[in-house]
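The values are calculated or read from the model by the stated rules, or taken from the named source; none is laboratory data. The structure displayed is predicted, hence computed values, not measured ones. Here Cβ is always computed from backbone atoms with ideal geometry, including for glycine, and neighbour counts include all displayed protein chains. The protein model used for the area step is the full one, side chains on, heavy atoms only, and it has no ligands, DNA or RNA in it. Shrake-Rupley method; radii C 1.70, N 1.55, O 1.52, S 1.80 Å.
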Amino acid sequence: MISQPHLIARVRPEFARGERDRCCHFFPLPADGAMPVVLSAYCGFHIHPGEAEPLDAPAGMPCTGCLMAAALSS
Ligand SMILES: [Zn+2]
């Protein structure tokens, strides 16, 4: 499992450019709780917090890149 705080989010529909943008990505958060200007997902996907739709739990299609990166880093 991922031990550090993380955020599950996907791009808001109005910002999504394709089906790939609609999958949920996993973003590691800084330990101090500060929200970075740009969130970087485990897969390398970047998103601005204002364009993100935070999710309480994975919904829809998870990003396979994020899943692989999270699995390999644990
Ligand atoms: Zn991802």
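May I ask you to list pairs of residues, at least six apart or on different chains, whose Cβ atoms are under 7 Å apart, with the first in the stretch 5-30 being within 13 Å of the ligand (Cβ to nearest atom) and the second being of a type in the set (A, V, I, L, M) and in a helix (DSSP H, G or I)?
Sorted first by the residue in the stretch 5-30, then by its partner, the pairs are F26/A70.
Within the stretch 11-33, restricting attention to residues that are open to solvent by less than 50 Å² (accessible area, probe 1.4 Å) and outside any loop (DSSP other than H, G, I, E, B), which residue is modelled with the lowest pLDDT?
This residue is D21.
Of all residues in the stretch 48-66, count the ones that are assigned to a helix (DSSP H, G or I) and modelled with pLDDT under 90.
Initially, the stretch 48-66 is screened for residues assigned to a helix (DSSP H, G or I), giving 49-51, 64-66.
Still in the running and modelled with pLDDT under 90: 49-50.
So the count comes out to 2.
Can we say A57 is in contact (Cβ under 8 Å) with a residue 40 or more places away in the chain and closer than 20 Å to A69 by Cα?
Numbers: in contact (Cβ under 8 Å) with a residue 40 or more places away in the chain: yes; closer than 20 Å to A69 by Cα: yes.
Yes.
Hey, can you tell me all the residues within the stretch 21-74 that are touching a strand residue (DSSP E or B) at 6+ places or on another chain (Cβ under 6 Å) and β-branched (V, I, T)?
Within the stretch 21-74, V38, I47 meet the criteria.
May I ask you to list the residues in the stretch 26-67 that are under 16 Å from Q4 (Cβ atoms) and hydroxyl-bearing (S, T, Y)?
S40, Y42
Quick one: M61 ticks every box in (1) open to solvent by 50 Å² or more (accessible area, probe 1.4 Å); (2) near the ligand (Cβ under 9 Å from one of its atoms) except a single one, so which number is it?
The one condition M61 does not meet is (2).
Among the residues of the stretch 34-44, is there at least one that is at pLDDT 90 or above, outside any helix (DSSP H, G or I) and hydroxyl-bearing (S, T, Y)?
Yes, the stretch 34-44 contains at least one residue that is at pLDDT 90 or above, outside any helix (DSSP H, G or I) and hydroxyl-bearing (S, T, Y).
Suppose we keep only residues that are open to solvent by 40 Å² or more (accessible area, probe 1.4 Å) and among the β-branched types (V, I, T) within the stretch 34-55. Which one would you say is farthest from the ligand (Cβ to nearest atom)?
V37
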